[in-house]
1. Points 7 angstrom from Cα along the Cβ direction at LEU224 and GLN786: gap in nanometres?
2. Once you sort the root eigenvalues of the Cα gyration tensor of region 397-452 as a ≥ b ≥ c, which label holds: rounded (a/c under 1.5), prolate (a/b larger than b/c) or oblate (the other case)?
3. Can you work out the accessible area per residue across region 64-175, with the rest of the protein chains kept in place, probe 1.4 Å, in square angstrom?
4. Averaged per residue, what accessible surface does region 295-443 expose to a 1.4 Å probe, in Å²?
5. Hey, what angle do you get for helix 575-591 against the long axis of the chain, alpha-carbon based, 0 to 90 degrees rounded to 10?
6. Which whole-number value in Å² is the accessible area per residue of region 736-784, probe 1.4 Å?
7. Considering only protein heavy atoms and a 1.4 Å probe, what is the carbon-and-sulfur percentage of the accessible area of region 386-467?
8. Probe radius 1.4 Å, ligands and nucleic acids left out: which of HIS64, HIS477 has the largest accessible area, and how do the rest follow?
Amino acid sequence: FFDDLQWAGKSSLELIQALLSDTRGSGYFFFVGSYRDNEVKQGHAIFDLISGLDSSGVKSTKLHLCGLNQHDLNLLISESLCMFPRLCKPLSDIVFEKTEGNPMFAIEFLRSLVNCRLLKFSLREGRWIWDESKVRSENITDNVLYLLSAKMTSLPENTQLALKVISCFGIITDTNVICYLSSTSEYSDFSVWLSQAINEGCIQKIENGFKFVHDKVREAAYSLIPDDKKAQFHHNLGMLLYSASKGQDLSGAIFQVADQINHGISLIQPEMRVEFAGLNFSAGSRAINFSDNKTAYSYLKNAFALLPRNSWSSHYELSLRVFLLYAKSAYSCGKVKKAYKALKTILQKGRCVNDKLDAYLLHVTILHACEERAEAYTTCCEVLSQLNETVPDSTDNGTMAEIVKRTGDMLSNISEVDLMDMKETDSAIYPILKFYNLLNCIAFWEKPEMMPFIGCRMIYLTLERGVCQYSVFSLTHYAAILCHQCTHVLNLQEVCRVGKAALSLLKRFGSSEMVPRVYFCYYGFVAQYTEPLQLCTDNLRKGFEVGISSGDSAIYAFYNSIHLIRLAFHCGENLPSLLKETDYHLEVMTRFRNKLSMPYLTSYRETISMIIDKGGSTSQKYNSDLPEASNLVYAQRHTEVLQVNKMLQSFWLGYSTRCHHYAKKVLQMDLLGRHNKLMILFYAALNSFRGIKNNNGNGSQFIKAKPLYKDAISALRTAAELSSHNFSSKVYLLEAEMNSFEKKYDEARSSYAAAITSSCSSRYVHEQGLAYELAGLHYAKFGEAQTALDFFREAKQCYLKWGSKMKVDFISQQIKKAVIS
């Protein structure tokens with residue numbers, strides 16, 4: 001239950017929406033939120049939350065709580081005064097007129113009447129009495145704050161001061177703050193004053209501090225401070241806390257102290273600006289440790305502003321730390337230009353390469369994300385050169401093959417236990433491996449032919465100098481490269497072993513920084529040959545979440561996004577939910593201005609939308625056109641993903657000739673990934689059984705199914721040796737179609753049954769639906785209308801679960817035909 005959502009920030013409300021819209025977890029999530037509609041204006045983020053939940057199909061109930069009606073208010077007052085309702089009705093009518101039935105307002109108004117002796121208990125009459133004309137003439141505003149403030153002004157001055165002080169910290173004031181204040185001469189009796197406020201019913205003691213009994217009470221206490229003196233009051237309070245806590249561990253109250261001083265940041269004396277820049281830096285660092293980048297940015301922006309103009313000469317170390325952390329938090333908040341400007345300053349003012357390494361790292365990451373890949377690659381190589389590493393401009397195929405073979409031989413003799421027991425490297429190798437890590441990701445787009453060299457160099461450094469957290473990525477990267485090149489199942493098994501061992505090494509170092517990098521590499525390129533796809537998507541989601549919470553890992557978060565959506569589609573996740581998830585990832589990419597990854601997701605988004613309802617109610621929100629290619633590799637990779645998705649759309653929509661056209665083009669691409677190739681072979685072979693006419697002018701000849709089937713079944717049987725979960729159902733379904741094509745009735749029946757059972761076991765609902773559908777068409781072809789009808793009905797249920805209205809409509813037509821038959 002979240003109360004007072006009218007005070008929640010946009011990011012908090014966006015988080016609530018993301019949690020409630022997450023269909024994988026929100027089925028067990030009951031959420032209640034409340035807000036005051038008289039305290040929000042048009043355009044408030046609360047309305048975006050409500051409309052967002054509606055558009056996401058989240059079931060919700062909206063309740064509008066009005067004030068008590070006259071009858072109920074009269075009963076409330078009647079029970080409070082122990083009088084018959086008819087006797088106190090004149091009083092309750094006046095209270096209703098002035099408070100509109102607001103319960104708290106009504107109670108406070110009655111209390112004010114008692115305090116003013118306008119409502120009093122008569123011993124002579126034995127009941128409460130009042131003067132209606134005087135009560136009616138009592139002048140109050142239409143806000144309960146007036147009554148609460150009036151009540152507080154009658155309290156002792158020290159009690160009022162205590163309420164004003166703790167109102168500056170919000171609803172709850174931490175015990176640490178109370179202790180620091182109590183240690184000063186000015187507030188030595190602060191605990192006594194707070195006890196008086198408790199007795200007056202304004203605040204209550206809780207486990208870790210003090211809490212106002214109601215937010216309106218806190219508002220009333222805060223209103224006791226004149227508006228024109230609030231900044232000075234906050235600032236004085238912050239200065240007092242800072243002085244009292246100086247020399248002590250401020251971790252428990254650093255945010256409160258910094259907040260109070262920052263309220264009056266313009267009041268800071270020149271000689272204190274550097275000191276408070278350091279305080280804001282510490283607060284920002286602590287916020288980043290909590291992954292609260294927006295709060296961190298606020299503190300670091302203040303630290304940035306408080307530094308003097310000559311800070312790089314007068315306070316070099318502090319300037320270096322502030323500028324770097326400010327750049328990281330700015331980038332995490334999507335403020336790319338501000339981050340870039342701060343990093344440029346570090347690279348200009350830094351005294352040596354070691355001081356500039358972290359800035360270079362984030363600088364290159366931003367260049368990469370903004371498609372300045374050539375500059376990013378060159379900068380990485382220049383930094384490595386300064387670290388005494390030489391990256392050649394190119395290497396010939398023979399040299400590269402020898403390097404890869406030598407690396408493979410070294411790794412083949414190393415077990416998972418050996419890796420876990422290997423010594424940890426010295427700190428000097430850290431930055432080298434860190435930049436090789438980044439260079440490798442850029443090379444994927446800029447110079448893919450250099451990726452084997454980079455990966456092997458990282459592994460060589462690891463085996464020679466010892467392991468560290470960056471060694472993990474070098475191993476998974478090596479496994480990913482070889483997964484693309486392996487031609488034999490035993491070689492592929494060995495490569496997957498290396499990747500799996502790297503995950504164990506990741507646990508040894510417990511580095512969250514490496515999670516998004518390692519996960520996108522292992523679960524995006526390697527694990528799909530040995531692990532269930534559902535496990536891959538779960539971990540890719542984790543990789544995205546961890547990466548997006550860390551500014552300098554955002555680009556790796558988006559790499560996880562690409563593989564997540566691709567594999568989530570191939571393992572048959574619910575399409576409408578996957579569409580929402582894709583839109584969320586695209587929105588985040590837009591905020592980070594990550595143009596690199598967006599064409600991938602927009603292509604898959606179009607495929608998902610088309611299969612749901614041919615794009616009817618899920619029209620494209622994002623531009624799916626490819627951006628102007630900055631190099632040939634970039635153009636080839638984007639063309640690949642576009643044509644892969646055109647092929648997938650054509651298959652599911654039943655456009656056989658178009659499907660064959662795109663499959664043929666995609667299978668000729670040199671950069672086509674291994675898993676994508678397996679999926680294309682599968683769908684292309686299934687499609688060939690539909691009878692695709694050759695484009696020879698008369699349409700009398702057909703594409704031969706057997707050559708496509710032979711290539712696909714060979715590749716998929718090899719893959720199924722390593723992962724029956726991911727590939728066996730595909731093998732069975734292809735065998736069923738070939739048996740049906742060759743009129744082997746009994747064999748086909750057995751294979752269809754095996755395909756249905758296997759896809760059900762693997763939880764691939766779309767492939768299960770496809771197996772039922774193709775089995776239904778098989779039985780219809782052989783004149784078994786009732787059996788065909790049964791299979792079509794099962795297919796419809798699967799497609800309903802998948803969320804494809806288009807396929808449900810198609811199967812419904814098949815059911816009608818079967819019924820007629």
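The values are calculated or read from the model by the stated rules, or taken from the named source; none is laboratory data. These figures come from a predicted structure and were not determined experimentally. In this analysis, Cβ positions are derived from the backbone assuming ideal geometry, glycine residues included, and neighbour counts consider all displayed protein chains. Surface areas here come from the heavy atoms of the whole protein model, side chains and all, with no ligands, DNA or RNA. Shrake-Rupley method; radii C 1.70, N 1.55, O 1.52, S 1.80 Å.
1. 8.6
2. oblate
3. 57
4. 45
5. 70
6. Roughly 41 Å² per residue, with all protein chains present.
7. It is 49 percent, rounded to a whole number.
8. In descending accessible area the options line up as HIS64, HIS477.
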